[in-house]
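The values are calculated or read from the model by the stated rules, or taken from the named source; none is laboratory data. No experiment lies behind these values; they were computed from the predicted model shown. Reconstructed Cβ throughout: ideal geometry from the backbone, glycine too, with neighbour counts over all protein chains shown. Side chains are part of the model used for accessible areas, which takes the heavy atoms of the whole protein and leaves out ligands, DNA and RNA. Shrake-Rupley method; radii C 1.70, N 1.55, O 1.52, S 1.80 Å.
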Amino acid sequence: MQLTQRKAGLGAALPVKRSAIAAPKRAPRQALKVVAVAAPMSGNTGVDDDGCKVFYDKDGSIIRAMCADYGFRSGSGRLYEEKYGETPTNVWELAKANFAHELQQLRNFTRRNQVEELYEGVPTSNIVLKGLFAAGGALVSGLGSLDKALEEAGALPELKPLERKEAFNSEEWQKIREKLRRLKLDNNAVMAREQQRIKKEGDIDTPLWVKIPFIALCWVLDVVYENRPIPKFWVLETVARIPYFAYISILHLYESVGFWRAGAELRKIHFAEEWNEMHHLQIMESLGGDQVWFDRFLAEHAAILYYWVLIFFYLVSPKLAYNFMQRVEFHAADTYTEFLETNRELLRSIPPPMVALNYYRNQDLYLFDEFQTGRKSPRRPPCNNLEDVFNNIREDEIEHVKTMDACQKETIAKEIAKKL
């Protein structure tokens, strides 16, 4: 069998020298053992002649991944990377380190007035976007002036340039970054696609008070992230996993106080859904979706807000909480479908991130089948380029829609019973 690799920007497979790569074989999952590790978990990866990682999938194929992870937190406590599996330190140390890191990022954001950089080249025909752009630019400019004055007065230390990661200087990253900048997403086209689906399949019956948070989320994403698809997807995936946290929290509470003790399998399904969404989030991070301070600030605070909103929904009516999430997942599926149709050729020329390969092509597809309760046969998708990755994410969202629908109709109980 000939070994092949995919070069970034090329659709054809190129030969890989076996001498340059030692192909390890990952054993099937055994009983869980908690250990602290000091290095990435990379038993199914190797390195090619260019020094870039290659992945050995469950079928024995070799796939060339992106040379590096371009996320804000890459190399520091990320999945499949450095410190993966370690126990965190105490909350004070974590908060102090994160505050110091983010404060430097905030100061650079205001001093450079990155609002202008974010929306450079974005059409300003949207009157709301124009207003937000003007107000945001003025606010950030004022904060930047205040920061400089405090620095000159000695109240703040001298602001140093942000450390640039070595991976960002590579020729490959420059090419990938240029391609990522060319990716487009038309909000009007997404809305038209949603309306077309509703006309064909019918809409979900949702009370207005449940629909309002969903409309607010979509509005913020559409307006603030006009033509910035990767950061938009990162924010969307940050919020999308939160409802599953909320569902699990309430099910745990009900078990602990003796209200309801039949939710163990349901919790397992929701954890599998959260595990899936977490990988979507990590994929967007690996593409640089979390690089800007403002995006992280908005996403992380919105996530906290949505957690408590979904806690309230689930306490009042689990079916309405599932209904809300079904709407979110439908919107995500429609958005990714439009994104794929618009950018297929460009996406096909970009190699997949390593986190996507670990999730979709590993020998051990941990919990991958658990959240897909409506499927009669296992789904084993390809992952040879970024087009495959986004197609897989879109299909995952469709499976979430089916599971949320089953939870509302209580057919989920029948699916669970089949496994007993």
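Within the range 262-300, which residues are polar (S, T, N, Q) and either buried (at least 20 other Cβ atoms within 10 Å of the Cβ) or at pLDDT 90 or above (or both)? Within the range 262-300, N276, Q282, S286 meet the criteria. Of the residues making up the range 243-261, those that are open to solvent by 20 Å² or more (accessible area, probe 1.4 Å) and in a helix (DSSP H, G or I) are F245, I248, S249, H252, L253, Y254, E255, S256, V257.
Among the candidates L208, L143, L159, the residue that is open to solvent by less than 70 Å² (accessible area, probe 1.4 Å) and among the hydrophobic types (A, V, I, L, M, F, W, C) is uniquely L159. In the set G136, G144, only one residue is more than 27 Å from the chain's Cα centre (by Cα) and without any contact (Cβ under 8 Å) to a residue 40 or more places away in the chain; that residue is G144. Among the residues of the range 304-328, those that are part of a helix (DSSP H, G or I), under 15 Å from I248 (Cα atoms) and either of a type in the set (S, T, Y) or in contact with a helix residue (DSSP H, G or I) (Cβ under 7 Å, 6 or more places away or on another chain) (or both) comprise Y306, Y307, V309, L310, I311, F313, Y314, L315, K319, A321, Y322, M325. Each residue in the range 211-242 was checked for being part of a loop (DSSP other than H, G, I, E, B) and open to solvent by 20 Å² or more (accessible area, probe 1.4 Å), and 4 pass.
Does the range 65-73 contain any residue that is modelled with pLDDT of 65 or more, open to solvent by 80 Å² or more (accessible area, probe 1.4 Å) and either under 22 Å from the mean Cα position of the chain (by Cα) or not β-branched (V, I, T) (or both)? No, every residue in the range 65-73 fails to be modelled with pLDDT of 65 or more, open to solvent by 80 Å² or more (accessible area, probe 1.4 Å) and either under 22 Å from the mean Cα position of the chain (by Cα) or not β-branched (V, I, T) (or both).
Among the residues of the range 351-371, the ones that are open to solvent by less than 10 Å² (accessible area, probe 1.4 Å) and at pLDDT below 75 come to 2 in all. As a summary of the residue check, L183 satisfies the conditions (1) part of a loop (DSSP other than H, G, I, E, B); (2) in contact with a Ser or Thr (Cβ under 6 Å, 6 or more places away or on another chain); (3) crowded, with 16+ Cβ neighbours inside 10 Å except for the one numbered (2).
Yes/no matrix, rows are residues, columns are (1) touching a residue at least 24 places away in the same chain (Cβ under 8 Å); (2) closer than 21 Å to D405 by Cα; (3) touching a Cys at 6+ places or on another chain (Cβ under 7 Å); (4) hydrophobic (A, V, I, L, M, F, W, C):
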{"residue": "I204", "(1), (2), (3), (4)": "yes, yes, no, yes"}
{"residue": "W219", "(1), (2), (3), (4)": "no, no, no, yes"}
{"residue": "V235", "(1), (2), (3), (4)": "yes, no, no, yes"}
{"residue": "T238", "(1), (2), (3), (4)": "yes, no, no, no"}
{"residue": "F245", "(1), (2), (3), (4)": "yes, yes, no, yes"}
